[in-house]
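Take a look at the structure set out below.
The values are calculated or read from the model by the stated rules, or taken from the named source; none is laboratory data. Because the structure is a prediction, the values reported are computed rather than measured. Quick reminder, even Gly has a Cβ in these numbers, built from the backbone with ideal geometry, and neighbours come from all protein chains shown. Surface accessibility is based on the protein's heavy atoms, side chains included, excluding ligands, DNA and RNA. Shrake-Rupley method; radii C 1.70, N 1.55, O 1.52, S 1.80 Å.
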Amino acid sequence: MSMKQSKHEIITDNADVGVRVFLSDEAAGFKPVHWHVHIEIVIVLEGQVTFYYDGNSITLFENQFIVIGSGIIHSSKNSENKSLVLQIPIEYLNRFWTNSDQLVFEVPNVNKQSEDKVYEDVVNMLLKMTRVYESKQAGYLLQFSGLLMLTMYELITNYAVLKSNEKIVEDNRLKEIFADIHENYREKLTVSSLAQKYHYHPDYLSRYFKQQSGISLKRYVYGVRLNFVHHEVLTTNKTIQDIFHDNGITNIKLGTQLFKEQYGLTPFQLRKQS
């Protein structure tokens, strides 16, 4: 597997600082909806990444970042890119800021970032934190921890609000649907069947699902299936046709077309390249 198709971690052990820092080097792809029990900060170093969450579609370019709160449902689509990722566990942050799992971050959009001094300061601190941790010079733990605390203070006091109770309840219901899709992606899944199962009106579920994930429910199910297809193309000797069928895709022509849209290559090209 080439470097462009893998996730390369520049830092493998972050136990000393209590958080995780790594550099991702990714080919074009799609990450289905997921959520974390930590706060995640992503800053793009090269290329571009688009995040979908809470009805937002945010595309990041070089030296632009996003903050995803704990439990926030999100997905992403990316071109070939390099990004720095910082993950702060909630139990770590709760020692310094109570109820940090309830925080939602509203970072300025692309057009307003040039006017935002805090944004620029956070970018510089994130880049410096990585250099400090990589070098591990004397006192790096103090310096890294200090930068981390200052970064989180600026992010929380400038960009964070608390989730509403209604939002928490609605997210929990939606997470059940996403979990269902990931468990049963090989089966025939439709808006109507899922709406009936979870007591939504089909039109409402369709609109709300697209608002949260950035794509239609049908296209999202295809995206999940294609992720498994992508994995099996690279890790098994099964025929491409069998891989499609085993992962719930019976229309090979459409599956190949959507696979190329998602990953930039057809399954045959990907297998040949790898």
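Using the Cα atoms of segment 149-189 to build a convex hull, what is its mean projected area in square nanometres?
4.7
The three principal axes of the C-alpha atoms in segment 229-274 carry coordinate ranges of 25, 22, 12 Å, sorted with the longest axis first.
When every Cα-Cα distance of segment 72-172 is counted in 5 angstrom steps from zero, the calculated P(r) takes the values 2, 10, 17, 20, 21, 16, 10, 3, 1, 0 percent. Summarised as an ellipsoid, segment 144-271 has semi-axes of 34, 24, 12 Å, derived from the eigenvalues of the Cα gyration tensor scaled by 5 and square-rooted, with the largest first. Given segment 203-250 reduced to its alpha-carbon atoms as identical point scatterers, what log10 I(q)/I(0) does the Debye formula return at q = 0.32 Å⁻¹? So the normalised log intensities work out to -1.08. Counting only Cα atoms, segment 24-129 measures 36, 33, 26 Å along its principal axes, largest extent leading. Counting only residues at least eight positions apart within a chain, or on another chain, the aspartates and glutamates with an alpha carbon under 12 Å from that of residue 210 are 54.
How many percent of Cα pairs in the chain exceed 23 Å? Value for the chain (Cα pairs over 23 Å): 58 percent. Calculated accessible area for the chain comes out at 51 Å² per residue, all protein chains present (probe 1.4 Å; ligands, DNA, RNA ignored).
Taking 213, 79, 145 as the candidate residues, the one with maximal mean-square fluctuation in a Gaussian network model of the chain, Cα springs under 10 Å, is 145. The longest part of the chain holding none of the exposed loop trypsin sites (Lys or Arg not before Pro), meaning those outside H, G, I, E and B in DSSP with at most 16 other Cβ atoms within 10 Å, is 8-94.
Over the chain, DSSP H runs of length four or greater, each weighted -39,500 (n - 2.57), average out per residue to a 222 nm ellipticity of -14500 deg cm²/dmol. So which residue, out of 156, 73, 39, gets the largest mean-square fluctuation from a GNM of the chain using Cα contacts under 10 Å as springs? Result for the chain, Cα springs under 10 Å: 156 fluctuates most. Relative to the longest principal axis of the Cα atoms of the chain, the long axis of helix 140-159 lies at roughly 70 degrees.
Please give me, ordered by residue number, the GluC sites (Glu not before Pro) of segment 148-220 that lie in loop per DSSP and have at most 11 other Cβ atoms within 10 Å. Present the calculation step by step, with values, prior to reporting the outcome.
Numbers: sites: 154, 166, 170, 176, 183, 187; in loops: 187.
Within segment 148-220, the qualifying GluC sites (Glu not before Pro) (loop, at most 11 other Cβ atoms within 10 Å) are 187.
Rolling a 1.4 Å probe over the protein heavy atoms of the chain, with every protein chain left in place, gives an accessible area that is 51 percent carbon and sulfur. The modelled label-to-label distance for the pair residue 48/residue 250, using points 7 Å beyond Cα in the direction of Cβ, is 3.7 nm.
Among 57, 24, the sequence by solvent-accessible area, most first, with a 1.4 Å probe is 57, 24.
Legend: residue pairs 136/272; 77/175; 163/260, Cα-Cα distance threshold 29 Å; pairs beyond threshold, 136/272; 163/260. For residue 117, a cut-off of 13 angstrom between C-alpha atoms picks up these aspartates and glutamates, skipping any fewer than 8 places away in its own chain: 154.
Principal axis extents of the Cα atoms in segment 25-64, from largest to smallest and rounded to whole angstrom, are 26, 20, 19. Of 134, 80, 46, the residue with the greatest mean-square motion in the GNM of the chain, using alpha carbon springs below 10 Å, is 134. Rounded to the nearest whole Hz, the Karplus-based 3J(HN,Hα) values (6.51 cos²θ - 1.76 cosθ + 1.60, θ = phi - 60°) of segment 167-182 follow the sequence 5, 4, 5, 5, 4, 5, 5, 5, 4, 4, 5, 4, 4, 4, 4, 5, with x at glycine and proline.
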